[in-house]
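Visitor: Can you keep this structure in mind? I'll have questions shortly.
The values are calculated or read from the model by the stated rules, or taken from the named source; none is laboratory data. None of these values were measured; they are calculated from a predicted model. Glycine also receives a Cβ, built like all others from the backbone with ideal geometry; neighbour counts cover every protein chain displayed. Please note that ligands, DNA and RNA were not included when accessible areas were found on the heavy atoms of the full protein model with its side chains. Shrake-Rupley method; radii C 1.70, N 1.55, O 1.52, S 1.80 Å.
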Amino acid sequence: GPKSTEKQQILEFIHSNGPHAAKAMVKVQCDLNEQELPENLIAVGGEWRHLLRQSENGTLVLDEILSLPLSVQRDLADEFDKISSRMHIIAISDSSLEDALEQGRIDDEFYFKVTMDPIEVLPKVDR
């Protein structure tokens, strides 16, 4: 949903009321430009695997997932196969993921892995 939807409160509610509440909630801001991201975060490798391990048995939040390059989305989809049963994965976007899929801005396998239980949050003004 749009930026003014109180996403942080919703994330904390989902995490703290789910089966992974006793473990960490790790949030990754995906919309940093490549100059702001560490080199090993751009390609799935050391830092991504470290974040996935930190999230194991907890919650991994990927904020602004459409900012991730398609190659990273594909690699993450492969990594999710190995660990997704042991964590919540919450993907956030200000844009429609369905539209992004039609436009080729999100990898189809990644899309299906992060939209198993979609929640659309309307802007506060529309509630």
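Visitor: Could you sort 87, 116, 25 by accessible area so the largest value comes first, with the probe set to 1.4 Å? Don't jump to the answer; show the numbers that get you there.
Guide: Values: 87 10, 116 150, 25 60 Å².
Descending accessible area places them as 116, 25, 87.
Visitor: Further question: Quick check: residue separation of residue 16 and residue 79 times 0.36 nm, minus the Cα distance between them. What number comes out in nm?
Guide: 20.2 nm
Visitor: Rounded to the nearest 0.05, what FRET efficiency do residue 103 and residue 57 have when you use their Cβ-Cβ distance and R0 = 25 Å?
Guide: Numbers: r = 35 Å, r/R0 = 1.39.
Step by step, r from the Cβ atoms, then E = 0.10.
Visitor: Using 0.36 nm per residue, how much length does the chain from residue 125 to residue 112 gain when fully extended, once their Cα-Cα distance is taken away?
Guide: Details: separation 13, 0.36 × 13 = 4.68 nm, distance 2.96 nm.
Separation in residues times 0.36 nm, less the Cα-Cα distance, equals 1.7 nm.
Visitor: Give the aspartates and glutamates reachable from residue 23 as a straight Cα distance under 18 Å; neighbours fewer than 8 places away on the same chain don't count.
Guide: 12, 56
Visitor: Using the per-residue mean of other Cβ atoms lying within 10 Å as a proxy for protection, in what order, highest first, do the peptides 99-106, 73-80, 119-126 fall? Could the numbers behind the result be given before it?
Guide: On the way: 99-106: 14.5, 73-80: 18.1, 119-126: 10.6.
Output ranking for 99-106, 73-80, 119-126: 73-80, 99-106, 119-126.
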